[in-house]
1. Residues in region 233-243 that are within 19 Å of residue 35 (Cα to Cα) and either surrounded by fewer than 23 Cβ atoms within 10 Å (Cβ to Cβ) or in contact with a Pro (Cβ under 6 Å, 6 or more places away or on another chain) (or both): how many?
2. How do the helices (runs of 4 or more DSSP H) wholly within region 1-77 filter down when requiring 1 or more residues that are modelled with pLDDT of 80 or more and out of contact with any helix residue (DSSP H, G or I) (no Cβ under 8 Å at 6 or more places or on another chain): which remain?
3. Step by step: first the residues of region 92-131, then only those that are closer than 18 Å to residue 282 by Cα and part of a loop (DSSP other than H, G, I, E, B), then the one that is modelled with the highest pLDDT. Which residue is that?
4. How many residues are of a type in the set (A, V, I, L, M, F, W, C), surrounded by fewer than 23 Cβ atoms within 10 Å (Cβ to Cβ) and in contact with a helix residue (DSSP H, G or I) (Cβ under 8 Å, 6 or more places away or on another chain) when one looks only at region 258-288?
5. Mind checking which residues of region 210-232 are surrounded by 24 or more Cβ atoms within 10 Å (Cβ to Cβ) and at pLDDT 75 or above?
Amino acid sequence: MPIKPKLTRFDLTMIVISLIIGTGIFKSPGEVALRTGSPTLFFTAWIVGGLVTLCGALTFAEIGARYPNTGGFYKLFSYCYHPAFAFMINWGSVIATTASVAAVALIGAEYLNPILLPPSLQTTLGTKLTTTGLVLIVYLVNFWGIKMSARMQNLLTLFKVAMIVVLCLAIFRSDGSTVIEKGVVMASGNPVAAFGLGLVAVFFTFTGYQQTINFGGDVVEAKRNIPKGIFMGIAIVIVVYMAINFAYYKVLGMGGLQQNTGLAAKMASVVFGEVGSKITSVLMFISVLAYVNVNIMSVPRVYYAMADDGVLPPIFKRINERTQVQEFGMSFFVFSVILILLVVSSFGEVLNYAMFFECIGMSVAAMAIFILRKRTKELNNSGIYTIKWYPLVPLFFIAVYWFVTFSIFAASPKATLVCLGVFLLGLGIYYGATSYQKRSLGN
């Protein structure tokens, strides 16, 4: 059953925002503060992160306009490189996305557990119960259909952005005496290394928008609406992120940021009292639901593309005709998220692993624009979106992402080796699956 376009430009803009704004912005600034150790490097990392993300958004906007396909992130690699390379990279990217959803659920539990669970369950077990429950709630809602999921996504996203705006207003209630006075931990090593590690956490918070091209088959007038939806969504995210980071620093100070737990609730409690902390924790529930929901919508579309190429079994391509939901693919993804939640118990365990996969996948995907421009020359004067200042924009994006990749390698060689092993495992799975398929057809 082919996928039918049902999503509007507004739907896509809300999806872009939700793919980026999970709950990372309520946790990652603390990681960035710890890794950079100074206000100058802290804000420089966020400014550079926003600029690089904008360059990436412009690059992926043109990719989406030139090559709109369901599961576009996988199809892009298959078309521009090789199906084996496509599977290897997307195998890693899907694992990274799955881990990111698990990480976001863990951050949500950090806010929700104090008001949802009794003190006896403020433990690792309680965290696993909360996170698994959140994922299962969204999973059940998604059975109602892609359009219903999109409507829920629009509502949750608008609510989430409004929540962040309210938090940013905290600085107007701060009289300058509300800063939490704690000793600032200076970064170890040289400033360049500290800056690189800070960018790892920044890009974790900014990443996700590349998955928008997975909805190429779901979007009405995709060649026109995908680039506009990506650009509008990214612009909103950059403004929101800069505002909330300034608010964090203004209210909590560098030392308060480096405490690195429940930043939003902590800021709300400093300015608005205990009630503000509880309200923020409830609103965090909405934010977690939005991020988990948008990934449950997106990732199964990659499975669809893989199954369409015969790499995954045909069941991953099965679509419910009425709801346009990949019921098996969605269930497989949710099971994978829950499995990770049962294994890990902290945000820090996930960050470097997830970002190594993301950096490799996004930089190589951006490189595809050079191949895509040559293979789709007939679209050059057709009115589709094209990048200004090409090729400087994609080259800058690629260079910074490779710098971050090197920073991860230098700081955590073990994580890098594990990730490279996962890539090679994906390559083995591809050739094993295609070899089995050829033998089956031969028989």
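1. Initial filter on region 233-243 (within 19 Å of residue 35 (Cα to Cα)): 241-242.
Remaining after also requiring either surrounded by fewer than 23 Cβ atoms within 10 Å (Cβ to Cβ) or in contact with a Pro (Cβ under 6 Å, 6 or more places away or on another chain) (or both): 242.
Result for region 233-243: 1.
2. Numbers: elements: 9-20, 28-36, 39-66.
It comes to 39-66.
3. 118
4. Just the residues of region 258-288 that are of a type in the set (A, V, I, L, M, F, W, C), to begin with: 263-265, 267-268, 270-272, 275, 279, 282-286, 288.
After this cut, where a residue has to be surrounded by fewer than 23 Cβ atoms within 10 Å (Cβ to Cβ) as well, the list is 270-272, 275, 279, 282-283, 285-286.
If we keep only those that are in contact with a helix residue (DSSP H, G or I) (Cβ under 8 Å, 6 or more places away or on another chain) as well, we get 270-272, 279, 282-283, 285-286.
Matching residues across region 258-288 total 8.
5. 226, 227, 229, 230, listed by residue number.
Results for (1) at pLDDT below 80; (2) open to solvent by 20 Å² or more (accessible area, probe 1.4 Å), shown as yes or no for each residue.
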| position | (1), (2) |
| --- | --- |
| 137 | no, yes |
| 143 | no, yes |
| 146 | yes, no |
| 163 | yes, no |
| 179 | yes, yes |
| 186 | yes, yes |
| 189 | yes, yes |
| 193 | yes, yes |
| 198 | no, no |
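The values are calculated or read from the model by the stated rules, or taken from the named source; none is laboratory data. All figures in this text were calculated on a predicted structure; none of them were measured in a lab. Cβ: placed from backbone, ideal geometry, glycine included. Neighbour counts: every protein chain shown. Protein only, heavy atoms only, side chains kept; ligands, DNA and RNA dropped before computing areas. Shrake-Rupley method; radii C 1.70, N 1.55, O 1.52, S 1.80 Å.
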